[in-house]
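The values are calculated or read from the model by the stated rules, or taken from the named source; none is laboratory data. Model, not experiment: these values are computed from the prediction. All Cβ positions, even for glycine, are placed from backbone atoms using ideal geometry, and neighbour counts span all protein chains on display. What goes into the accessible areas is simple: the full protein's heavy atoms, side chains included, and nothing from ligands, DNA or RNA. Shrake-Rupley method; radii C 1.70, N 1.55, O 1.52, S 1.80 Å.
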Amino acid sequence: MKIDTMLVHRGRHPQKNYGIVNPPVYHASTVTFPSVADYEESKEKPFEGVHYGRTGTPTTFALEEAVTALHGGHRTISSPSGLAAIASTLFALLKKGDHLLLADNVYGPTRFRVADPMLARAGVEVTFFDPLRGIGGLIRPETRVAYFESPGSLTFEMLDVRRTAAEAKAAGLTVVMDNTWASPLYFRPLKHGVDVVIEAGTKYIGGHADVMLGTTTVKTSELFQTIKWTTNAMGICAGPDDCYLGLRGLRTLSVRLERHQKSALTLARWLQKRPEVDRVLHPALPDHPGHKIWKRDFGGSSGLFGFVLKEGYSKAAVDALLNGMQLFGLGDSWGGYESLLIPTNPGKIRTATKWRGPGPSFRIHAGLEDTDDLIADLEKGFARLNAAA
Ligand SMILES: Cc1ncc(COP(=O)(O)O)c(C=O)c1O
(Lines give C-alpha, C1' and ligand atoms only; values in the text may rest on other atoms or scores of the structure.)
Protein backbone atom coordinates (compact mmCIF):
# COMPACT_ATOMS: atom_id res chain seq x y z
CA MET A 1 0.00 0.00 0.00
CA LYS A 2 1.33 3.46 -0.92
CA ILE A 3 1.80 5.94 1.91
CA ASP A 4 -1.02 8.29 0.83
CA THR A 5 -3.42 5.37 0.97
CA MET A 6 -2.09 4.34 4.38
CA LEU A 7 -2.66 7.87 5.66
CA VAL A 8 -6.32 7.54 4.78
CA HIS A 9 -6.98 3.95 5.84
CA ARG A 10 -4.69 2.94 8.70
CA GLY A 11 -5.92 3.08 12.26
CA ARG A 12 -9.63 2.97 11.50
CA HIS A 13 -12.05 0.08 11.14
CA PRO A 14 -15.47 1.44 10.14
CA GLN A 15 -17.10 -1.99 9.96
CA LYS A 16 -16.39 -2.54 13.64
CA ASN A 17 -18.03 0.83 14.37
CA TYR A 18 -21.46 0.80 12.71
CA GLY A 19 -19.80 1.81 9.41
CA ILE A 20 -18.90 5.20 10.87
CA VAL A 21 -15.79 6.52 9.12
CA ASN A 22 -13.85 7.88 12.09
CA PRO A 23 -13.12 5.79 15.19
CA PRO A 24 -14.89 6.74 18.41
CA VAL A 25 -13.07 8.46 21.27
CA TYR A 26 -12.81 6.17 24.29
CA HIS A 27 -12.45 8.00 27.58
CA ALA A 28 -11.28 5.46 30.12
CA SER A 29 -9.46 4.94 33.34
CA THR A 30 -11.10 1.81 34.79
CA VAL A 31 -11.51 -1.22 32.60
CA THR A 32 -13.54 -4.09 34.09
CA PHE A 33 -13.07 -7.82 33.45
CA PRO A 34 -15.70 -10.55 33.21
CA SER A 35 -13.84 -12.97 35.49
CA VAL A 36 -10.90 -13.35 37.86
CA ALA A 37 -9.14 -15.45 35.22
CA ASP A 38 -9.39 -12.60 32.68
CA TYR A 39 -8.30 -10.09 35.30
CA GLU A 40 -5.27 -12.18 36.23
CA GLU A 41 -4.35 -12.79 32.59
CA SER A 42 -4.33 -9.04 31.96
CA LYS A 43 -1.57 -8.65 34.57
CA GLU A 44 0.65 -11.06 32.69
CA LYS A 45 0.58 -9.07 29.45
CA PRO A 46 -0.06 -5.51 30.57
CA PHE A 47 0.86 -4.00 27.21
CA GLU A 48 -1.34 -6.21 25.07
CA GLY A 49 -4.97 -5.15 24.79
CA VAL A 50 -7.09 -2.83 26.91
CA HIS A 51 -6.48 -3.24 30.67
CA TYR A 52 -6.28 0.21 32.19
CA GLY A 53 -6.54 3.74 30.81
CA ARG A 54 -2.87 4.45 31.32
CA THR A 55 -1.61 1.58 29.16
CA GLY A 56 -3.87 2.51 26.25
CA THR A 57 -7.41 2.58 24.94
CA PRO A 58 -8.78 1.70 21.49
CA THR A 59 -8.31 5.39 20.57
CA THR A 60 -4.64 5.36 21.58
CA PHE A 61 -4.11 2.08 19.76
CA ALA A 62 -5.75 3.43 16.60
CA LEU A 63 -3.26 6.30 16.39
CA GLU A 64 -0.38 3.97 17.26
CA GLU A 65 -1.47 1.47 14.61
CA ALA A 66 -1.54 4.18 11.92
CA VAL A 67 1.86 5.67 12.83
CA THR A 68 3.42 2.20 13.04
CA ALA A 69 2.20 1.40 9.53
CA LEU A 70 3.48 4.72 8.15
CA HIS A 71 6.95 4.13 9.58
CA GLY A 72 7.01 0.42 8.84
CA GLY A 73 7.82 -0.26 12.49
CA HIS A 74 6.97 -2.94 15.04
CA ARG A 75 4.83 -0.77 17.34
CA THR A 76 4.29 2.82 18.45
CA ILE A 77 3.87 4.37 21.89
CA SER A 78 1.92 7.61 22.07
CA SER A 79 2.82 10.39 24.51
CA PRO A 80 1.21 13.64 25.64
CA SER A 81 3.85 15.74 23.81
CA GLY A 82 6.88 15.40 21.58
CA LEU A 83 9.15 16.18 24.50
CA ALA A 84 7.48 13.47 26.62
CA ALA A 85 8.24 10.99 23.83
CA ILE A 86 11.87 12.14 23.70
CA ALA A 87 12.40 12.10 27.48
CA SER A 88 10.71 8.76 28.11
CA THR A 89 12.59 7.11 25.22
CA LEU A 90 15.97 8.31 26.44
CA PHE A 91 15.24 7.43 30.06
CA ALA A 92 14.12 3.97 28.94
CA LEU A 93 17.28 3.31 26.96
CA LEU A 94 19.87 4.79 29.34
CA LYS A 95 20.89 4.20 32.92
CA LYS A 96 23.56 5.36 35.34
CA GLY A 97 27.07 4.96 33.88
CA ASP A 98 25.87 4.93 30.26
CA HIS A 99 27.02 7.39 27.62
CA LEU A 100 24.80 9.19 25.10
CA LEU A 101 25.88 10.74 21.81
CA LEU A 102 23.63 13.68 21.01
CA ALA A 103 23.84 15.80 17.85
CA ASP A 104 24.75 19.42 18.56
CA ASN A 105 21.78 20.75 16.59
CA VAL A 106 18.88 18.88 18.20
CA TYR A 107 15.71 20.60 19.43
CA GLY A 108 16.86 22.85 22.32
CA PRO A 109 14.89 21.26 25.19
CA THR A 110 16.19 17.80 24.19
CA ARG A 111 19.62 19.01 25.21
CA PHE A 112 19.00 21.64 27.90
CA ARG A 113 16.09 19.97 29.65
CA VAL A 114 16.27 16.23 28.98
CA ALA A 115 20.01 15.58 28.50
CA ASP A 116 21.30 18.12 30.93
CA PRO A 117 20.23 18.34 33.72
CA MET A 118 17.77 15.40 33.76
CA LEU A 119 19.90 12.59 32.30
CA ALA A 120 23.08 14.04 33.78
CA ARG A 121 21.42 13.98 37.20
CA ALA A 122 20.61 10.30 36.65
CA GLY A 123 24.30 9.56 36.00
CA VAL A 124 24.26 9.46 32.19
CA GLU A 125 27.16 11.17 30.45
CA VAL A 126 26.38 13.13 27.30
CA THR A 127 28.72 14.03 24.44
CA PHE A 128 27.45 16.45 21.83
CA PHE A 129 28.67 15.72 18.32
CA ASP A 130 29.01 17.69 15.12
CA PRO A 131 26.12 16.52 12.92
CA LEU A 132 28.27 16.95 9.81
CA ARG A 133 30.99 14.59 11.02
CA GLY A 134 30.83 10.93 11.87
CA ILE A 135 30.41 9.60 15.38
CA GLY A 136 32.90 6.73 15.01
CA GLY A 137 35.68 8.42 17.00
CA LEU A 138 33.36 9.34 19.87
CA ILE A 139 31.97 5.90 20.69
CA ARG A 140 33.14 4.46 24.00
CA PRO A 141 32.58 1.04 25.60
CA GLU A 142 29.77 2.54 27.70
CA THR A 143 28.07 4.39 24.81
CA ARG A 144 24.55 3.06 24.40
CA VAL A 145 22.57 5.51 22.27
CA ALA A 146 23.14 7.86 19.32
CA TYR A 147 20.40 10.48 18.96
CA PHE A 148 19.91 13.05 16.20
CA GLU A 149 17.61 14.99 13.89
CA SER A 150 18.03 15.68 10.19
CA PRO A 151 17.75 18.46 9.27
CA GLY A 152 18.70 19.89 12.66
CA SER A 153 16.48 22.25 14.60
CA LEU A 154 16.97 25.97 13.78
CA THR A 155 20.04 25.48 11.58
CA PHE A 156 18.84 22.78 9.15
CA GLU A 157 22.12 20.96 8.54
CA MET A 158 21.62 17.55 6.99
CA LEU A 159 23.13 14.77 9.06
CA ASP A 160 23.82 11.68 6.95
CA VAL A 161 21.42 9.28 8.66
CA ARG A 162 22.62 6.18 6.79
CA ARG A 163 26.26 6.80 7.61
CA THR A 164 25.66 7.76 11.26
CA ALA A 165 23.33 4.82 11.83
CA ALA A 166 25.85 2.42 10.26
CA GLU A 167 28.63 3.70 12.53
CA ALA A 168 26.36 3.39 15.56
CA LYS A 169 25.14 -0.10 14.63
CA ALA A 170 28.73 -1.31 14.12
CA ALA A 171 29.30 -0.50 17.80
CA GLY A 172 25.99 -2.00 18.95
CA LEU A 173 24.30 1.32 19.83
CA THR A 174 20.58 2.00 19.68
CA VAL A 175 19.91 4.71 17.12
CA VAL A 176 17.15 7.23 17.89
CA MET A 177 15.95 9.95 15.53
CA ASP A 178 13.54 12.85 15.99
CA ASN A 179 11.90 12.94 12.56
CA THR A 180 9.42 15.74 13.17
CA TRP A 181 10.63 18.00 10.33
CA ALA A 182 9.94 15.47 7.55
CA SER A 183 7.13 13.49 9.21
CA PRO A 184 6.71 9.87 8.10
CA LEU A 185 5.53 11.18 4.75
CA TYR A 186 8.90 12.48 3.56
CA PHE A 187 11.36 10.35 5.53
CA ARG A 188 11.10 6.91 7.11
CA PRO A 189 14.14 6.57 9.38
CA LEU A 190 13.57 2.89 10.23
CA LYS A 191 14.36 2.09 6.60
CA HIS A 192 17.73 3.86 6.93
CA GLY A 193 19.18 2.06 9.93
CA VAL A 194 17.40 3.90 12.76
CA ASP A 195 15.91 1.79 15.60
CA VAL A 196 13.55 4.26 17.24
CA VAL A 197 11.80 7.17 15.53
CA ILE A 198 10.13 9.99 17.41
CA GLU A 199 7.55 12.39 16.00
CA ALA A 200 6.30 15.48 17.78
CA GLY A 201 2.71 14.90 16.64
CA THR A 202 2.04 18.41 17.93
CA LYS A 203 3.42 19.66 14.58
CA TYR A 204 2.38 18.18 11.22
CA ILE A 205 0.46 15.15 12.45
CA GLY A 206 -1.92 17.37 14.42
CA GLY A 207 -1.51 20.13 11.87
CA HIS A 208 -3.87 22.69 13.39
CA ALA A 209 -1.91 24.21 16.31
CA ASP A 210 -4.38 22.80 18.82
CA VAL A 211 -2.92 19.55 20.12
CA MET A 212 0.10 18.32 22.10
CA LEU A 213 1.15 14.82 21.06
CA GLY A 214 4.22 12.62 20.65
CA THR A 215 4.90 9.21 19.19
CA THR A 216 7.78 6.75 19.56
CA THR A 217 7.90 4.03 16.90
CA VAL A 218 10.25 1.10 17.40
CA LYS A 219 11.75 -1.58 15.21
CA THR A 220 11.63 -4.55 17.61
CA SER A 221 9.46 -6.05 20.33
CA GLU A 222 12.38 -5.74 22.82
CA LEU A 223 12.55 -1.99 22.25
CA PHE A 224 8.78 -1.77 22.57
CA GLN A 225 8.80 -3.58 25.94
CA THR A 226 11.66 -1.43 27.26
CA ILE A 227 10.16 1.92 26.26
CA LYS A 228 6.54 1.02 27.03
CA TRP A 229 7.56 -0.21 30.48
CA THR A 230 9.19 3.16 31.18
CA THR A 231 6.34 5.29 29.83
CA ASN A 232 3.92 3.28 31.94
CA ALA A 233 6.13 3.58 35.02
CA MET A 234 6.36 7.34 34.50
CA GLY A 235 2.59 7.57 34.06
CA ILE A 236 2.99 8.93 30.55
CA CYS A 237 -0.12 8.47 28.43
CA ALA A 238 -1.65 10.58 25.69
CA GLY A 239 -5.22 11.80 26.18
CA PRO A 240 -7.92 10.23 24.00
CA ASP A 241 -9.13 13.50 22.47
CA ASP A 242 -5.55 14.36 21.51
CA CYS A 243 -5.04 10.94 19.91
CA TYR A 244 -8.27 11.49 18.00
CA LEU A 245 -7.03 14.86 16.74
CA GLY A 246 -3.72 13.27 15.76
CA LEU A 247 -5.54 10.59 13.80
CA ARG A 248 -7.74 13.17 12.11
CA GLY A 249 -4.67 15.23 11.24
CA LEU A 250 -2.99 12.23 9.63
CA ARG A 251 -5.78 11.89 7.09
CA THR A 252 -4.87 15.21 5.46
CA LEU A 253 -1.13 15.18 6.14
CA SER A 254 -0.18 14.55 2.54
CA VAL A 255 -2.16 17.40 0.98
CA ARG A 256 -1.18 19.81 3.73
CA LEU A 257 2.53 18.98 3.51
CA GLU A 258 2.55 19.32 -0.25
CA ARG A 259 1.33 22.90 0.15
CA HIS A 260 3.64 23.66 3.10
CA GLN A 261 6.52 22.40 0.97
CA LYS A 262 5.60 24.49 -2.07
CA SER A 263 5.01 27.67 -0.08
CA ALA A 264 8.21 27.28 1.94
CA LEU A 265 10.23 26.91 -1.25
CA THR A 266 8.56 29.98 -2.76
CA LEU A 267 9.42 32.03 0.33
CA ALA A 268 12.94 30.56 0.53
CA ARG A 269 13.69 31.47 -3.10
CA TRP A 270 12.30 34.95 -2.58
CA LEU A 271 14.44 35.41 0.52
CA GLN A 272 17.54 34.23 -1.37
CA LYS A 273 17.17 37.25 -3.66
CA ARG A 274 16.86 39.80 -0.86
CA PRO A 275 19.97 41.98 -0.47
CA GLU A 276 19.62 41.88 3.34
CA VAL A 277 19.86 38.07 3.48
CA ASP A 278 23.20 36.30 3.84
CA ARG A 279 21.84 32.77 3.30
CA VAL A 280 18.71 30.67 3.46
CA LEU A 281 18.82 27.43 5.47
CA HIS A 282 16.68 25.02 3.51
CA PRO A 283 18.00 21.59 2.46
CA ALA A 284 15.81 21.40 -0.65
CA LEU A 285 17.62 24.40 -2.17
CA PRO A 286 20.35 23.14 -4.53
CA ASP A 287 23.04 25.33 -2.96
CA HIS A 288 22.38 24.07 0.59
CA PRO A 289 25.46 22.14 1.78
CA GLY A 290 23.28 19.13 2.69
CA HIS A 291 21.20 19.14 -0.48
CA LYS A 292 22.73 15.94 -1.89
CA ILE A 293 21.87 13.98 1.24
CA TRP A 294 18.35 15.41 1.33
CA LYS A 295 17.85 14.48 -2.32
CA ARG A 296 19.22 10.99 -1.84
CA ASP A 297 17.08 10.08 1.17
CA PHE A 298 14.04 12.35 1.50
CA GLY A 299 10.81 12.30 -0.46
CA GLY A 300 10.07 15.99 0.10
CA SER A 301 10.62 19.00 2.34
CA SER A 302 8.31 20.59 4.86
CA GLY A 303 7.33 24.17 5.65
CA LEU A 304 10.05 24.89 8.19
CA PHE A 305 13.34 26.58 7.31
CA GLY A 306 15.68 29.35 8.42
CA PHE A 307 17.47 32.38 7.09
CA VAL A 308 20.36 34.54 8.25
CA LEU A 309 20.80 38.25 7.69
CA LYS A 310 24.02 39.95 6.71
CA GLU A 311 26.14 41.49 9.43
CA GLY A 312 25.25 44.74 11.13
CA TYR A 313 21.51 44.57 11.90
CA SER A 314 20.76 45.68 15.44
CA LYS A 315 18.27 44.04 17.80
CA ALA A 316 16.08 47.13 17.44
CA ALA A 317 15.98 46.66 13.66
CA VAL A 318 15.14 42.94 14.00
CA ASP A 319 12.43 43.79 16.52
CA ALA A 320 10.99 46.36 14.10
CA LEU A 321 10.80 43.69 11.40
CA LEU A 322 9.08 41.21 13.71
CA ASN A 323 6.76 43.50 15.61
CA GLY A 324 4.76 44.68 12.63
CA MET A 325 4.10 41.31 10.97
CA GLN A 326 0.45 40.93 10.06
CA LEU A 327 0.24 37.31 8.89
CA PHE A 328 3.29 35.67 10.43
CA GLY A 329 2.71 34.84 14.08
CA LEU A 330 5.50 35.23 16.62
CA GLY A 331 5.36 32.00 18.56
CA ASP A 332 6.97 28.65 19.27
CA SER A 333 5.95 25.34 17.80
CA TRP A 334 5.10 24.94 14.10
CA GLY A 335 3.34 22.52 11.77
CA GLY A 336 -0.08 24.19 11.99
CA TYR A 337 -1.91 25.82 9.10
CA GLU A 338 -0.59 29.26 10.04
CA SER A 339 2.68 30.97 9.18
CA LEU A 340 5.18 31.80 11.89
CA LEU A 341 8.35 33.86 12.06
CA ILE A 342 10.64 33.86 15.09
CA PRO A 343 14.15 35.12 15.84
CA THR A 344 16.63 32.35 16.66
CA ASN A 345 19.96 32.21 18.41
CA PRO A 346 21.49 28.82 17.59
CA GLY A 347 24.99 29.78 18.74
CA LYS A 348 23.81 30.21 22.31
CA ILE A 349 23.26 26.53 23.04
CA ARG A 350 25.87 24.80 20.87
CA THR A 351 28.96 23.22 22.35
CA ALA A 352 30.47 20.87 19.74
CA THR A 353 30.25 23.25 16.81
CA LYS A 354 30.39 26.98 16.24
CA TRP A 355 27.47 28.73 14.62
CA ARG A 356 28.50 31.15 11.87
CA GLY A 357 26.25 34.26 11.62
CA PRO A 358 27.18 36.72 10.33
CA GLY A 359 23.91 38.49 11.16
CA PRO A 360 20.77 37.68 13.15
CA SER A 361 18.92 34.50 12.24
CA PHE A 362 15.24 33.56 11.94
CA ARG A 363 13.02 30.53 11.56
CA ILE A 364 10.00 30.55 9.27
CA HIS A 365 7.09 28.18 9.20
CA ALA A 366 5.26 28.56 5.90
CA GLY A 367 1.58 28.06 6.57
CA LEU A 368 -1.24 27.52 4.13
CA GLU A 369 -1.91 31.17 3.28
CA ASP A 370 -1.40 32.54 -0.24
CA THR A 371 2.32 33.15 -0.75
CA ASP A 372 1.68 36.50 -2.45
CA ASP A 373 0.23 37.76 0.84
CA LEU A 374 3.05 36.20 2.85
CA ILE A 375 5.68 37.82 0.62
CA ALA A 376 3.93 41.20 0.90
CA ASP A 377 4.04 40.82 4.70
CA LEU A 378 7.76 39.96 4.60
CA GLU A 379 8.46 42.81 2.20
CA LYS A 380 6.98 45.32 4.66
CA GLY A 381 8.99 43.66 7.42
CA PHE A 382 12.22 44.21 5.48
CA ALA A 383 11.22 47.84 4.89
CA ARG A 384 10.85 48.26 8.70
CA LEU A 385 14.21 46.50 9.22
CA ASN A 386 15.94 48.87 6.80
CA ALA A 387 14.24 51.94 8.23
CA ALA A 388 15.42 51.02 11.73
CA ALA A 389 18.93 49.88 10.70
C1 LIG B 1 12.08 19.02 16.25
C2 LIG B 1 11.20 19.04 17.45
N3 LIG B 1 11.13 17.94 18.22
C4 LIG B 1 10.36 17.90 19.32
C5 LIG B 1 9.63 18.98 19.71
C6 LIG B 1 8.82 18.90 20.97
O7 LIG B 1 7.48 18.68 20.72
P8 LIG B 1 6.35 19.18 21.77
O9 LIG B 1 6.26 20.65 21.60
O10 LIG B 1 5.15 18.42 21.33
O11 LIG B 1 6.82 18.77 23.12
C12 LIG B 1 9.67 20.14 18.95
C13 LIG B 1 8.86 21.32 19.36
O14 LIG B 1 9.00 22.40 18.84
C15 LIG B 1 10.48 20.18 17.79
O16 LIG B 1 10.57 21.28 17.04
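Among the residues making up region 293-341, those that are away from the ligand (no atom under 16 Å from the Cβ), open to solvent by less than 30 Å² (accessible area, probe 1.4 Å) and closer than 22 Å to HIS71 by Cβ are ASP297, GLY300.
Among the criteria (1) touching a strand residue (DSSP E or B) at 6+ places or on another chain (Cβ under 7 Å); (2) part of a loop (DSSP other than H, G, I, E, B), the one GLY172 does not fulfil is (1). Could you say whether any residue in region 167-180 is assigned by TED's automatic domain parsing to the domain that holds THR60, more than 16 Å from the ligand (Cβ to nearest atom), more than 22 Å from ARG75 (Cα to Cα) and among the charged types (D, E, K, R)? Checking region 167-180: at least one residue is assigned by TED's automatic domain parsing to the domain that holds THR60, more than 16 Å from the ligand (Cβ to nearest atom), more than 22 Å from ARG75 (Cα to Cα) and among the charged types (D, E, K, R). Exactly one residue out of ASP278, ASP373, ASP287 is without any contact (Cβ under 8 Å) to a residue 40 or more places away in the chain and out of contact with any helix residue (DSSP H, G or I) (no Cβ under 8 Å at 6 or more places or on another chain), and it is ASP287. When the test is whether a residue is closer than 28 Å to ARG384 by Cβ, free of Cβ contacts under 8 Å to residues at least 12 places away in the same chain and either outside the structural domain of SER79 (by TED's automatic domain parsing) or surrounded by fewer than 21 Cβ atoms within 10 Å (Cβ to Cβ) (or both), GLY347 passes it. The set of residues in region 211-228 that are open to solvent by 10 Å² or more (accessible area, probe 1.4 Å) and away from the ligand (no atom under 12 Å from the Cβ) comprises LYS219, THR220, SER221, GLU222, LEU223, GLN225, THR226, LYS228.
Reported count of residues in region 265-282, each being over 21 Å from GLU311 (Cβ atoms) and surrounded by fewer than 17 Cβ atoms within 10 Å (Cβ to Cβ), is 3. Of all residues assigned to region 353-360, at least one qualifies as being within 23 Å of the chain's Cα centre (by Cα) and either over 23 Å from LEU102 (Cα atoms) or of a type outside the set (Lys, Arg) (or both).
Kindly evaluate ARG248 against the criterion of being closer than 29 Å to LEU285 by Cβ, surrounded by fewer than 21 Cβ atoms within 10 Å (Cβ to Cβ) and more than 16 Å from the ligand (Cβ to nearest atom). Here the answer is no, as ARG248 does not meet what is asked. For the criterion of being within 16 Å of the ligand (Cβ to nearest atom), crowded, with 22+ Cβ neighbours inside 10 Å and modelled with pLDDT of 95 or more, VAL124 fails. The numbered conditions (1) surrounded by fewer than 20 Cβ atoms within 10 Å (Cβ to Cβ); (2) outside any loop (DSSP other than H, G, I, E, B); (3) modelled with pLDDT of 95 or more are all true for ASP116 except (3).
Taken over region 77-108, the criterion of being open to solvent by 10 Å² or more (accessible area, probe 1.4 Å), part of a loop (DSSP other than H, G, I, E, B) and within 14 Å of the ligand (Cβ to nearest atom) is satisfied by PRO80, SER81, TYR107.
Summed over region 35-66, residues that are among the aliphatic types (A, V, I, L, M) and either under 14 Å from PHE224 (Cα atoms) or not in a helix (DSSP H, G or I) (or both) total 1. Scan region 133-149 and tell me whether some residue there is within 16 Å of the ligand (Cβ to nearest atom), in a loop (DSSP other than H, G, I, E, B) and open to solvent by less than 10 Å² (accessible area, probe 1.4 Å). No; the residues of region 133-149 include none that is within 16 Å of the ligand (Cβ to nearest atom), in a loop (DSSP other than H, G, I, E, B) and open to solvent by less than 10 Å² (accessible area, probe 1.4 Å).
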